[in-house]
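The values are calculated or read from the model by the stated rules, or taken from the named source; none is laboratory data. Note that the coordinates shown come from a computational prediction; the quantities given were computed from them, not determined experimentally. Counting neighbours? That spans all protein chains shown, and the Cβs are built from the backbone with ideal geometry, glycine included. Heavy atoms of the whole protein, side chains included, go into the accessibility calculation; ligands, DNA and RNA do not. Shrake-Rupley method; radii C 1.70, N 1.55, O 1.52, S 1.80 Å.
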Amino acid sequence: MPPSLEAVGLSKKFGNFAALTDLNLKLQGAKCVGFLGPNGAGKTTTMKIFTGLISASSGRALINGVDVSKDKKGALASCTSLIETPEIYSSLTPKEALTMLCAIRGVPSSERNKRIDEAIGRVKMQEWENKKVGSFSKGMKQRINVASTLLSDPEVIILDEPTTGLDPRGMTEVRDIVKSLDDRLVFMSSHLLAEVTEVCDEVAMIDHGKLLVYDSIGAVTAKFSGGGGNVDVGFSHPVEAQTISIVGSVMGVLSVIPGSERHLLLKFDPKTTSQEKLFEGLAAMRVGVTSLKETSSGLEDAYLSLIKETL
Amino acid sequence: MAVTSERRSRESSLAQVGVVAKYNFLNYFRARRFYVMIAIVLLISGLLTFVIAYRRPAGILTADLGFLSLVWGSFVSLIVILSTAFFGGDAISSEFQNRTGYFLVPNPIRRSVIYVGKWIAALTASTIILLVYAAVAIANSLYYFGFTLPNEFFLSVLYAWIFLAAALSFAFAFSSLFKSSSIAVLMSVIMLLFVFNVIDTVASSLAGVEPWFSITYGAGVVQSVLTVPYPPHVFSTPVGPGGGFSLTIFTAPVWEGLAILGIYFAVMAVLGLWLFERKEFTA
Ligand SMILES: Nc1ncnc2c1ncn2[C@@H]1O[C@H](COP(=O)(O)OP(=O)(O)OP(=O)(O)O)[C@@H](O)[C@H]1O
Ligand SMILES: [Mg+2]
């Protein structure tokens, strides 16, 4: 049976406020699914229901076919998670805290040390493994939290903004970790669209507690991004009006917007041209083009067209 | 990739209780409050030891039971209540307030297992405190009365331990009720130290009703057992001018005191667990 996460008519109310309304979502198989939506959309709420931190007002949350509200222990047997920013008992060391999790999750004692060393190594915390967590910085704690999801060889991993509080290198490292989990089902919320584009295969978008779309990144982009690509073009000299009209005549260019002194923002039609062709076309015009850089991904366009306003 | 059925295997709940208890105890044992509690115990014991050694009051140095009633009996309830508040008062609420529950709860483990494990850890830490206090009392008694200890003393220690278990159960229930650790700790101290005492006094002295519904009334057996013969269940003395007003003193017999503690333990355990099972991890 492939790993799966399934929400069936899942709803959550806080008093009168509907944080989640009739969510139906089935994720199945080894892949990474990004969970996108504005602040307060209900991402964390959904993930908390799946991990038994809160209970749904109605509907069912199933992990590998097991209902969390009926059999939490069974549902989470092969699922690890990182929800918001957990804290570890302050006088324990990372090694002790992870040993505790291994014991709770039933990792055979003969394998514990190996698994813990490996997990701590992957988040580069070896130097700190025997220091008390209480004195750690936010990002150091988050690294241990990431390590904690890797211990028990889970089939399903739920990550709520896992790169929060990490330094740039830490973010890259966590992204690499997530990418390496390609034999599992990873469900990851994030506000970093570039991150989602880089590591995820599919995206689910949610707003005001309602699911807007769930599909592969390619399909979502193609359907909702309006098909446009955006690039920033750099020039060796200040841009003149003449240059703008020349650039506008290059095949596939839809619009030209002046950026800073030596930059233009182009929107191009990916159906008639590619970035490569565009660059060749621009170079052939001999107007001093020195660089061409993608500014917004298709996913960002899709996000902005699907989610009109925040909050 | 490992076989699916192997990956989805689970650890037994009993083993998990032990794991939760072990690491929570470790956390207590390394925390400042454990040593603060030890310091309080040593301070009280030290003060008693010093005053007795210095003053040598004839009244209590004639009988070992009377002596133990002073050095052990008069402060043991306070020690039980303080360690209950220290180790039990925020045991559950801190999982919410300090967000440690976000690390522990989303695992293949029942909430009740976490609850029981934490309770055992708190009981272990408090028992150590109680034993340190008992050890000083024993050392004192051995010094003044030689190598004999009355049986009543051991019964008193046992009852104190039962009181500890009941009080911890009570504090855990409060801890499940409040999300703020400081309020949970404060509430258990206020309840156990003042409110129940007021209830006892008002009920027995003013209303003439036996306070069988009070945990501290039940805990009276810890002290009463050190009195030989055991105090009567009901005792009335006329007070005031001309004896127009009579004061009634109730003393719970051993069976009744233990029954009260047992019922508190059970009811509060069920209530606390019920609250914890339903409590949501929301910011
Ligand atoms: N305990 C609570 N009481 C009332 N409302 C709540 C509670 N917890 C969450 N909410 C509301 O539920 C909604 C969804 O919150 P949630 O944390 O799921 O958002 P999110 O998608 O994770 O947002 P973010 O991107 O900011 O993390 C929000 O509007 C929030 O105000
Ligand atoms: Mg969130």
Query - Cβ-defined net charge surrounding A:VAL239, 10 Å radius [Lys, Arg +1; Asp, Glu -1] - result: -1
Query - Dipole magnitude of the protein assembly as shown about its Cα centre (Cβ charges: Lys, Arg +1; Asp, Glu -1), debye to nearest 20 - result: 700 debye
**Report entry** Electrostatic dipole magnitude of segment A:164-311 [Cβ: Lys, Arg +1; Asp, Glu -1; Cα centre; debye, to 20]
**Finding:** 380 debye
Query - Cut-off under 5 Å, modelled amide H: who pairs with A:PHE14 long-range - result: A:ALA19
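With the convex hull built on the Cα atoms of the protein assembly as shown, state its orientation-averaged projected area in nm².
Result: a mean projected hull area of 37.6 nm².
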Report summary line: Here the relative contact order (percent) of chain A, from C-alpha pairs under 8 Å and at least 6 apart, is 19 percent
Query raised in the report: Taking chain B as a Gaussian network, where each spring joins two C-alpha atoms under 10 Å apart, which residue of B:LEU42, B:LEU261, B:LEU206 fluctuates the most?
Result: B:LEU206
**Report entry** the protein assembly as shown - percent of accessible surface contributed by carbon and sulfur, probe 1.4 Å
**Finding:** 62 percent
Query raised in the report: Quick one: putting +1 on the C-beta of Lys and Arg, -1 on the C-beta of Asp and Glu, what dipole do you get for segment A:104-200 around its Cα centre, in Debye to the nearest 20?
Result: 440 debye
Query - Accessible area (Å², 1.4 Å probe, nearest 10) - B:ARG33 - result: 80 Å²
**Report entry** Förster radius 30 Å - calculated FRET efficiency between B:LEU206 and B:ALA259 (Cβ-Cβ, nearest 0.05)
**Finding:** 0.75
Requested in this report: Answer rounded, prolate or oblate for segment A:93-186, using the Cα gyration tensor with square roots of eigenvalues a ≥ b ≥ c: rounded when a/c is under 1.5, else prolate when a/b is larger than b/c, else oblate.
Outcome: oblate
Query raised in the report: Which whole-number percentage describes the relative contact order of chain B, with Cα contacts under 8 Å and a sequence gap of 6 or more?
Result: 24 percent
Report task. Pull up all non-local amide H partners of B:THR100: gap of 5 or more, or a different chain, and H-to-H distance under 5 Å with H placed in the peptide plane. Result -> A:GLU87
**Report entry** Cα centroid of segment A:103-142 to Cα centroid of segment B:36-52, whole Å
**Finding:** 41 Å
Query raised in the report: Among residues other than B:VAL228 whose Cβ falls under 12 Å from its Cβ, what is the net charge (Lys/Arg +1, Asp/Glu -1)?
Result: -2
Query raised in the report: Quick one: ranking A:LYS308, A:LYS271, A:LYS132, B:LYS118 by accessible area, 1.4 Å probe, largest first, what do you get?
Result: A:LYS271, A:LYS308, A:LYS132, B:LYS118
Report summary line: From the cross-link list A:LYS13/A:LYS72; A:LYS48/A:LYS293; A:LYS131/B:LYS279; A:LYS12/B:LYS22, the entries with a Cα-Cα span beyond 28 Å are A:LYS48/A:LYS293; A:LYS131/B:LYS279; A:LYS12/B:LYS22
**Report entry** Span-rule helices in chain B, defined as complete DSSP H runs reaching 15 Å or more along the axis (Cα) with Kyte mean at least -1.0
**Finding:** B:13-30, B:32-55, B:74-88, B:111-145, B:151-177, B:254-278
Query raised in the report: If you look at just the Cα atoms of chain B, how large are its Rg and its Dmax in Å?
Result: 21.7, 91
Query raised in the report: If you average the sequence gap of Cα pairs under 8 Å that are 6 or more apart and divide by the length of segment B:125-283, what percent do you get for the contact order?
Result: 29 percent
Query raised in the report: On average, how much accessible surface per residue is there in segment B:2-278, in Å², for a 1.4 Å probe, leaving out ligands, DNA and RNA?
Result: 44 Å²
Requested in this report: Per DSSP H run of n ≥ 4, the term is -39500 (n - 2.57); total these for the protein assembly as shown, divide by its residue number, and report the mean residue ellipticity at 222 nm rounded to 500 deg cm²/dmol.
Outcome: -15000 deg cm²/dmol
Report summary line: Rounded to the nearest 100 Å², the accessible area buried between A and B, both sides, probe 1.4 Å, is 3900 Å²
Report summary line: With every protein chain in place, the residues of segment B:15-34 shedding 40 Å² or more of accessible area versus the chain by itself (probe 1.4 Å) are B:VAL19, B:TYR23, B:ASN27, B:ARG30
Query raised in the report: Near the amide H of A:GLU161, under 5 Å away, which other amide H atoms are found, from residues 5 or more places off or on another chain, if H is placed in the peptide plane?
Result: A:SER189, A:SER190
Report task. May I ask for the distance between the Cα centers of segment A:249-311 and segment B:54-89, given as a whole number of Å? Result -> 83 Å
Report summary line: antiparallel share of DSSP beta bridges within the protein assembly as shown, to nearest 5, in %, is 70 percent
Query - Radius of gyration and Dmax over the Cα atoms of segment B:182-244, both given in Å - result: 14.7, 49
Query raised in the report: Using alpha carbon centroids, what distance separates segment A:197-219 and segment B:217-260, in Å?
Result: 71 Å
**Report entry** Farthest toward positive dipole pole in the protein assembly as shown [+1 Lys/Arg, -1 Asp/Glu at C-beta], among A:SER4, A:MET100, A:VAL123
**Finding:** A:MET100
Query raised in the report: Can you give the % of DSSP beta bridges in chain A that are antiparallel, to the nearest 5?
Result: 70 percent
Query raised in the report: In Å², what does the accessible area per residue of segment A:4-222 work out to with a 1.4 Å probe?
Result: 36 Å²
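For an R0 of 41 angstrom, estimate the FRET efficiency from the Cβ-Cβ distance between B:ARG33 and B:ALA139 and round to the nearest 0.05. Intermediate values should be presented prior to the final figure.
On the way: r = 25 Å, r/R0 = 0.61.
That pair, B:ARG33 with B:ALA139, gives E of 0.95.
Using the C-alpha atoms of chain A, what convex hull volume per residue, in cubic angstrom, is computed? Write out the running numbers ahead of the final one.
Working: hull volume 49.7 nm³, N = 311.
Convex hull volume per residue, Cα atoms: 160 Å³.
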